[in-house]
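Everything below concerns the one structure shown next.
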Amino acid sequence: MKPHTITLAMTGASGADYTLRLFECCLQSNVHVQFITSQPGQIVVGMETELKLTGSPQKMRAQFADYFDADPEVISVYSKDQWTAPPASGSSVADAMVVCPCSMGSLASIAVGSSDNLIHRAADVAIKERRTLILVPRETPFSAIHLENMLKLARLGVVILPPSPGFYQGVSSVADLVDFVVARILDQLGIDNELSPRWGQ
Ligand SMILES: Cc1cc2nc3c(=O)[nH]c(=O)nc-3n(C[C@H](O)[C@H](O)[C@H](O)COP(=O)(O)O)c2cc1C
């Protein structure tokens, strides 16, 4: 079922294009996005894209509304220390959470339930409430530590969705590769999309 609200967290791993495209697709599908980023996430998005996220959560919300040409009412932005924000509580409204991209540091924190910032706490809430939690881990190669953390979370029902695009459908641009991965995330969220050709159709 299509979610009404999702929590989208961006950590300091490479792959900001995935985050922004996923954000855009959720807004286009009228899904309310509760966005949280870490300080490294802000640095990486500034290095990898033209979006320079600065200032308070309210300013970032306005930046996103402008960037996506969207109604600010469908966007919430919380700072990583905003413990009173809705994603910190199991009684909150988010149907699902995506950490995209997910650094190995955040992966480890989520795997041990450290809840030391709002991203890790929101993920902990999603796990305890048995809600959809999708992690998009980015690193290569993976160490045994990374793999053990992913296996532990997968066994708890967390979707481990590495940004590994297929090339079999024909690729003509980087945007095609990004869309392949974002389509898989949207599928997991139950959000209809035609971003990437479907096998057999
Ligand atoms: C440009 C840049 C790219 C990075 N890429 C990755 C990456 O792909 N995967 C990763 O695990 N860490 C990566 N890092 C390191 C993380 O940002 C760092 O471990 C940070 O502490 C993660 O914190 P966070 O999970 O709270 O965002 C990168 C850092 C920079 C500056």
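The values are calculated or read from the model by the stated rules, or taken from the named source; none is laboratory data. For clarity, every value in this text was computed on a predicted model and none was experimentally measured. Positions of Cβ are generated from backbone atoms using ideal geometry, with glycine treated the same way; all protein chains shown enter the neighbour counts. Ligands, DNA and RNA are excluded from the accessible area calculation, which covers all protein heavy atoms including side chains. Shrake-Rupley method; radii C 1.70, N 1.55, O 1.52, S 1.80 Å.
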Q. For labels at GLN39 and GLN82 in the simple 7 Å Cα→Cβ model, what's the distance in nm?
A. 1.9 nm
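Using helices alone, I'd like the mean residue ellipticity at 222 nm for the chain: each DSSP H run of four-plus residues gives -39500 (n - 2.57), total over residue count, nearest 500.
Computed ellipticity for the chain at 222 nm equals -13000 deg cm²/dmol.
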Q | Packing-based ranking, highest mean first, of 150-157, 40-47, 116-123 given that Cβ atoms within 10 Å are counted | A | 116-123, 40-47, 150-157
Q) Just going by the charge dipole of region 115-201, with Lys and Arg at +1 and Asp and Glu at -1 on Cβ, which of GLN169, VAL181, PHE142 is farthest out on the positive end? A) PHE142
Q) If you place +1 on the Cβ of every Lys and Arg, -1 on the Cβ of every Asp and Glu, and leave all else neutral, what size is the dipole of region 96-201 about its Cα centre, to the nearest 20 Debye? A) 340 debye
Q: Beta carbons within 10 angstrom, averaged per residue: use that to sort the peptides 9-16, 50-57, highest first.
A: 9-16, 50-57
Q: Give a residue-ordered list of calculated ³J(HN,Hα) values for region 139-151 (Karplus: 6.51 cos²θ - 1.76 cosθ + 1.60, θ = phi - 60°; whole Hz; x for Gly, Pro).
A: 5, 7, x, 7, 8, 4, 4, 4, 5, 5, 4, 5, 5
Q | Nearest-0.05 FRET efficiency for MET47 and ILE145, computed from C-beta distance (R0 35 Å) | A | 0.85
Q) If the label point is 7 Å along Cα→Cβ of ARG130, which residues in region 1-44 have backbone nitrogen under 18 Å from it? A) 1
Q: With r as the distance between the Cβ atoms of HIS4 and LYS152 and R0 = 30 Å, compute the FRET efficiency 1/(1 + (r/R0)^6) and round to 0.05.
A: 0.55
Q) Taking N as the number of residues in the chain, what value does Rg over Cα atoms divided by 2.2 N^0.38 Å take? A) 0.96
Q.
Could you check the spin-label model distance between SER89 and ASP69? Points 7 Å from the Cα along Cα→Cβ, value in nm.
A. 3.7 nm
(Q) Within the chain, count lysine pairs with alpha carbon atoms under 24 angstrom apart where the residues are 8 or more positions apart or belong to different chains. (A) 5
(Q) At 7 Å along Cα-to-Cβ for each site, give me the label-to-label distance between ASN30 and GLN169 in nm. (A) 2.5 nm
Q | Residue-normalised accessible area of region 59-201, given per residue in Å² at a 1.4 Å probe | A | 51 Å²
